[in-house]
Amino acid sequence: MSSYFITGTDTSVGKTHVVCALLRDLCRRGISSVGYVPVSCGSRADARAIREACASKLSLEELNPLYFRASAAPSVAAEFERRRVEPRVLTAGFHALAERYETVLVEAMGGWLLPLDKGCTMADLAEQLQLPVLVVANNRFGAESHVMLTIQDIQRRGLVCRGIILNHIAEDWDTASLTNRRVMEEYTGVPVIAELIHGQDELDSSILDEVSA
């Protein structure tokens, strides 16, 4: 197994839902796994859900070292509290977990280029961690462009995008949601490794074995 940096095309596309589903299945398979939320703003609900999914007894501070009360980009939320986002704190938190667990799933807040601090984005943190990347997208009209732009920048930075995970947030299906997979794979060369239908909370974590091979 390997650790992964899990980003999204935007906020509220289902990253936490995907990470929790993967962690539950990894734990069922007996694989030592944990989730990691480097920074969160407005709420620690995602970190709490991840801790529950992997039945971890770690503190929220270990799973989510930086938390800001304002629901805004970390660069802005930190200003309100007269604090800074220090990337070295975030990378140190990951490495501390990686020493103890076989697999660490890093859930990035917001989208790929979310501003963290002056001149630093979530993508820059991914570069520092040098992990393979998975992209989560809401399977809807327009998602293909967002996925293509995200993967384009991932690859421009010399990182490897191992796969796309489509999360169907809406109950209804339309032409776009039925054809997005084919379009994304054709234009990015990156496989769609999973599709979650609305309400699905189980995900076979063996997809990680396949993309890490």
* So which residues in the stretch 1-29 are at pLDDT 95 or above and among the polar types (S, T, N, Q)? -> 3, 7, 9, 16
* Within the stretch 161-169, is even one residue within 15 Å of residue 8 (Cβ to Cβ) and out of contact with any helix residue (DSSP H, G or I) (no Cβ under 7 Å at 6 or more places or on another chain)? -> yes
* In the stretch 41-92, which residues are among the acidic types (Asp, Glu) and either over 30 Å from residue 28 (Cα atoms) or free of Cβ contacts under 8 Å to residues at least 60 places away in the same chain (or both)? -> 52, 61, 62, 79, 81, 86
* Flag for residue 52 being crowded, with 23+ Cβ neighbours inside 10 Å and either assigned to a helix (DSSP H, G or I) or in contact with a helix residue (DSSP H, G or I) (Cβ under 7 Å, 6 or more places away or on another chain) (or both) -> no
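Yes/no per residue for (1) small (Gly, Ala, Ser); (2) assigned to a loop (DSSP other than H, G, I, E, B):
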{"position": "67", "(1), (2)": "no, no"}
{"position": "71", "(1), (2)": "yes, yes"}
{"position": "83", "(1), (2)": "no, yes"}
{"position": "92", "(1), (2)": "yes, no"}
{"position": "100", "(1), (2)": "no, yes"}
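The values are calculated or read from the model by the stated rules, or taken from the named source; none is laboratory data. Computed from a prediction, not measured in an experiment: that's the story for all the values here. Please note: Cβ atoms are built from the backbone with ideal geometry, for glycine as well, and neighbour counts cover all protein chains shown.
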